[in-house]
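Presented below is the structure to which this report refers.
The values are calculated or read from the model by the stated rules, or taken from the named source; none is laboratory data. All of these numbers come straight from a predicted model, not from anything done at the bench. Methodologically, a virtual Cβ is constructed for each residue, glycine included, from the backbone with ideal geometry; neighbour enumeration extends over all protein chains shown. For accessibility, only protein heavy atoms count, side chains too; no ligands or nucleic acids. Shrake-Rupley method; radii C 1.70, N 1.55, O 1.52, S 1.80 Å.
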Amino acid sequence: MKSNKKNIQRARMWRYFLDAATEMIEEEGIDNVTIRKIADRAGFTSSTAYNYFKDLSHLKFFAAMRFTKDYIEELPRYIEKGNNTIEKWLYSWECFCKHSFDQPKIYSVIFMDDLGSVPQDLLNDYYNIYQNDLIGLPEEVQSIIMEHNFSKRSALYIQSAVEEGLMDEANVDFISNSTLMIWKGMMNTFMNHRRTYSKDEAVRQTLHYVSESVINILDPHQRKTIRFKPDI
């Protein structure tokens, strides 16, 4: 009973701070939020915030998760466009790129920044509090969302391509890791203005390199079966 009350209290306090952080991110951008500003807006002291969040990076991570709701909700629709695992995986990349390059700083906080903790532990904490964020998602999508390590997420999903005879087992880890590096490299280039890519150009370039990477490791006969036509 005491444990249940404690969890309810924790969820309530998290919501106060995350509501405040979300408002600040919308108004000032994620780079400008501080523990003090968030605590002030939530009506508490900074020390109270530190009772629930280890540091600012953790609070920013949890707040940023709220901005992925559109991506999570759209993901099943994109996956449905594919006729086999490789196509479904590529369309899931299209959905991810569309949203991540639209909000690069948000997705950088979640997938690239140093959090000082194991990201999967943080993600598990988030969904323990906000289980409703997963309601309505197919089980296969839930398993992908809950695995924070990006390359593991890819490997988890495209493993089915091996069973379908589309890919050799030996290539699963390679393609999941290399495509992650493609996205991180393009995201870093885009955010730091190292090239004059528009958002749409960055998405197109990323999807081109990702799709070519996976298609080129397939057997020539299998390559002909892959149909991937992104909207962008």
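If you check S117 against the conditions, is it farther than 16 Å from M186 by Cβ, in a loop (DSSP other than H, G, I, E, B) and polar (S, T, N, Q)? Considered against the rule, which asks whether it is farther than 16 Å from M186 by Cβ, in a loop (DSSP other than H, G, I, E, B) and polar (S, T, N, Q), S117 comes out as yes.
A single entry from M181, M146, M187 fulfils the requirement of being among the hydrophobic types (A, V, I, L, M, F, W, C), under 22 Å from F101 (Cα atoms), open to solvent by 40 Å² or more (accessible area, probe 1.4 Å) and touching a residue at least 12 places away in the same chain (Cβ under 8 Å): M146. Helices (runs of 4 or more DSSP H) fully within segment 1-92 that include at least 1 residues being open to solvent by less than 80 Å² (accessible area, probe 1.4 Å) and among the hydroxyl-bearing types (S, T, Y): 2-28, 46-52, 56-66, 69-79. Residues being under 26 Å from L156 (Cβ atoms), touching a Cys at 6+ places or on another chain (Cβ under 9 Å) and modelled with pLDDT under 95 are entirely absent from segment 42-65.
Which of the residues spanning segment 190-209 are aliphatic (A, V, I, L, M) and either within 14 Å of A155 (Cα to Cα) or open to solvent by 40 Å² or more (accessible area, probe 1.4 Å) (or both)? Spell out the reasoning first.
Keep residues of segment 190-209 that are aliphatic (A, V, I, L, M), which gives 191, 202-203, 207.
Passing the criteria: only M191.
Number of residues in segment 154-170 that are hydroxyl-bearing (S, T, Y) and more than 17 Å from the chain's Cα centre (by Cα): the value is 1.
When the criteria are applied in full, K199 meets the requirement of being of a type in the set (D, E, K, R) and either in contact (Cβ under 8 Å) with a residue 40 or more places away in the chain or at positive phi (or both). Taking the criterion of being open to solvent by less than 90 Å² (accessible area, probe 1.4 Å) and either of a type in the set (D, E, K, R) or not in a helix (DSSP H, G or I) (or both), the residues of segment 163-178 that qualify are G165, L166, M167.
Taken together, D121, D113 contain a single residue that is of a type in the set (D, E, K, R) and in contact (Cβ under 8 Å) with a residue 40 or more places away in the chain, which is D113.
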